[in-house]
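The values are calculated or read from the model by the stated rules, or taken from the named source; none is laboratory data. The structure presented is a predicted model; accordingly, all values stated were derived computationally and were not measured. In this analysis, Cβ positions are derived from the backbone assuming ideal geometry, glycine residues included, and neighbour counts consider all displayed protein chains.
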């Protein structure tokens, strides 16, 4: 039996596309996403109004409750009853902390509208802009909720005119982002205004909010709201102006239903033939069509095994269905079908196109996979072409405390990476160490905690390490290298990769593009002469070389490797070919004036104005560069750039000198060349840590002269 009485009504609405809305809540950290989600759950009858704003229902993980931040995306199906009918609103709550924006990016693939929450005092922040850009690139329609209006009244004590100017500035800034990042066809129709009904105002913590039309209908003036807030009665406004009603009304009127959204989104997010039967089914969001599911989350359950969450873009999903994994080229069977209700899953018979779903499936599935009706394999194309806003630039060395747990430990790491595409795991080929890389310290701390809890064993973790990048500044020589047995030779030349070097649609010469944006190109067209086994060996040698470069074993970035020639023995062994390829790449790379680059964070810091000087001093000491000071009421917002290597311990120092009054966020921005002296010191330290010889090898060690 369903644990939620709304489930039968929710199921009844699944085939009424005009009554479905797939939305997400996105915002800068601490602007009120999860608090607003509580209010929406309350409005749908799933949470007591007294608990809304403090329960953090969708932050159901222990670490989320303890840290008071959203770490994973959470889905819930909400039933909204109004006149003249009812709506099924599939809601996704997303992380605001930059370390977890990879999960937000993926969630945008399966929603059609985004409620962007902005703090009325802080306004549009850097993370707001990043998330807006990602949403618009996915053709997700944005609407705006300006939260914490009460702070303008009670804390800043602004008059009505000043408040209107402040809110007007936020709306203008929001429209500026749409003008910059939205496609021409969307700009005009997605720009917002109070009169258009796609902006709401309120204070989610106290449960009140309104749109212009809602306040007009109920004869509530803004002066009345100011008077009530000043008298300490902010919570009383929730009876007249419930925030859930403002958001639901805005969403149902301004966010497109899945059928309308897919008509223009599919051509952007799916690379297959739009005129094929499957392409037409996807654009029209048909139920009676091949089943296609884009997977956004994968997690393990002790009762249900592998659970995959995503969106049904066409067809219908039932228990027993046989689906094909497009990426892994394997078949799986649906063992159960669920509707997500936050931390709980409600078992249902069928989920139709345009809805979010969670499936229990047989075998292993990776996040980002596409599940497909195998009968239509000729039209198969994955949905996974997502561009993330950050990179894995911080590493922990991890190992099980008990060496006997090594195999279980490795499987646990592999599972973590399959569930979170922003984590990377590799074994250092020189030291044998297990390296887990992520977007930041918090991202990795959460991953290690999850690993410990899953394995039930203790894990030894190093201090955080920075992931550096090895780069070529000029063309290397044409390098000829022999395999260890001297029976095979390979000739390559490396050059810095240019933006136009990769055109996968037309560039049939491109053999590999790896995760570091290195490319392997068949210059003379000879690779077609290789057997599949030998071609895979050439590719493996390329990947091996680029994963850990010759300067200090750090990844090579942005390199173009031209495969010029090769001579293979009749009885060649693949491992010998791999070695020859990697040696040739190293030899040419070391003649290309290689340098070491370090990752740089963009940092946005808000602090009381009288403490801004001290905060600036700390950034300068840590090689930071401040680019902007901006006054925001009693606060100063400092924008700047700081090397990732200099951020370890920054949190403790800033909290100490500001007595905990500083709020900041950092995100990966770019790679920057180290000065020759610092590069030399860093290379020496990394080589020592990895047990490598102190001096970088000469090119002659790898190639024939």
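In the range 106-127, the residue that is modelled with the lowest pLDDT out of those that are surrounded by fewer than 24 Cβ atoms within 10 Å (Cβ to Cβ) and in a helix (DSSP H, G or I) is 126. When we screen 192, 170, 225 for residues that are in a loop (DSSP other than H, G, I, E, B) and touching a strand residue (DSSP E or B) at 6+ places or on another chain (Cβ under 9 Å), the only hit is 192.
Here residue 161 fulfils each of the conditions (1) in contact with a helix residue (DSSP H, G or I) (Cβ under 9 Å, 6 or more places away or on another chain); (2) surrounded by fewer than 20 Cβ atoms within 10 Å (Cβ to Cβ); (3) part of a helix (DSSP H, G or I) apart from (1).
Residue count for the range 396-416 satisfying the condition of being closer than 24 Å to residue 645 by Cα and surrounded by 20 or more Cβ atoms within 10 Å (Cβ to Cβ): 2. Where helices (runs of 4 or more DSSP H) fall entirely within the range 1-95, those with at least 1 residues that are at pLDDT below 60 are at 62-67.
Counting only helices (runs of 4 or more DSSP H) that sit completely within the range 550-663, those holding 1 or more residues that are over 32 Å from the mean Cα position of the chain (by Cα), at pLDDT 95 or above and at negative phi correspond to 574-589. Pairs linking a residue in the range 650-662 that is surrounded by fewer than 15 Cβ atoms within 10 Å (Cβ to Cβ) to a residue that is assigned to a loop (DSSP other than H, G, I, E, B), with Cβ atoms under 8 Å and 6 or more positions apart or on different chains, are 655/662. Do we have any residue at all in the range 184-191 that's buried (at least 17 other Cβ atoms within 10 Å of the Cβ) and modelled with pLDDT under 95? Scanning the range 184-191, I find at least one residue that is buried (at least 17 other Cβ atoms within 10 Å of the Cβ) and modelled with pLDDT under 95, so the answer is yes.
I'd like to know if the range 418-438 contains one or more residues that are over 30 Å from residue 596 (Cα atoms) and out of contact with any strand residue (DSSP E or B) (no Cβ under 6 Å at 6 or more places or on another chain).
No, every residue in the range 418-438 fails to be over 30 Å from residue 596 (Cα atoms) and out of contact with any strand residue (DSSP E or B) (no Cβ under 6 Å at 6 or more places or on another chain).
Listed by position, the strands (runs of 3 or more DSSP E) enclosed by the range 252-354 that each have at least 1 residues that are in contact (Cβ under 8 Å) with a residue 40 or more places away in the chain and closer than 30 Å to residue 85 by Cα are 292-301, 305-314, 316-318, 330-341, 344-347, 350-352.
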